[in-house]
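Please treat every number below as a calculation from the coordinates, not as lab data. All values reported here derive from a predicted model rather than from experimental measurement. Note that we place each Cβ from the backbone using ideal geometry, even for glycine, and neighbour counts take in every protein chain shown.
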Amino acid sequence: MIPLLQLALLTVFPALTIVAALRDATSYTIPNWISGGLILGFLAATLALGLSPAALGLHVAVGAAALVAGMAMFALGWIGGGDAKLFATAGLWLGWPAAAQFILITAVAGGGLAVALLGLRSVWLRPHLQGGPAWFGRLATPGENVPYGVAIAVGALAAFPLSDLAKAFPGLG
C-alpha cells in the first residue's frame, strides 16, 4: 500500500504542472491553488519517500533560488506572476541536478513557443483561425502575451525523472 501512496504523491507534480500549462494557454493565468497544491504535494511526497534532510535542504535551496529568479523575471516584465510561482515550485520539486536540465529545456521550449506564436500571429495564418475557440483566438492575437507557463511545464516534465523524488520511488530511479 505504501508504494501506491508514494506513486500517487509523485503524480501530483506532473498532474498540476499540466493543469498549470493548460490554464496558462487558455486564460493567461495560473491560479494560486496550483502553486499551493504543488508545495503541499512536495511536502507530502518528501515525507512518504523518506527524502534525507540534506536532499530536502537542497530542494528548498533550488526552489528559493528559482523563486528569486522568477521574481526578477516578473519584475522585468518577462513573465507573469503565475509563471514565476510555477517556476519556483518546479525548482522545489526538481532539486539539483535536475534543475540544470529544467532551465535548459524551459529556455528551448520558450523559444519554440515564441516562434510558434509568431507564426500563429502572422498575417498569413491569422485569417484562417476565425471561428475557433476564444482562447485560441487570443493566442493568435498579435501583441498578446506569451503563456510561458507552457514552456515551464515542458522543461519541468522533461527534467522530473532526474529528480531525487522520482529516483527515490522503486522502479523509477
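Note on the stretch 2-168: dipole from Cβ charges, positive end direction compared against 5, 132, 148; the farthest Cα belongs to 132.
Helix-only estimate, please: 222 nm mean residue ellipticity of the chain, summing -39500 (n - 2.57) across DSSP H runs of length 4 or more and dividing by its residues, to the nearest 500.
Details: 9 runs with 125 residues, N = 173.
Calculated from helices alone, the mean residue ellipticity at 222 nm is -23500 deg cm²/dmol.
A crude spin-label estimate for the pair residue 15 and residue 115, with each label 7 Å from Cα along the Cβ direction, gives 3.5 nm. A protection proxy built from the mean count of other Cβ atoms within 10 Å ranks the segments 158-166, 114-122, 141-149, most packed first, as 158-166, 141-149, 114-122.
If you place +1 on the Cβ of every Lys and Arg and -1 on the Cβ of every Asp and Glu, how big does the dipole about the Cα centre of the stretch 2-168 come out, in debye to the nearest 20?
Details: 6 positive and 4 negative charges, 45 e Å.
That gives a dipole near 220 debye.
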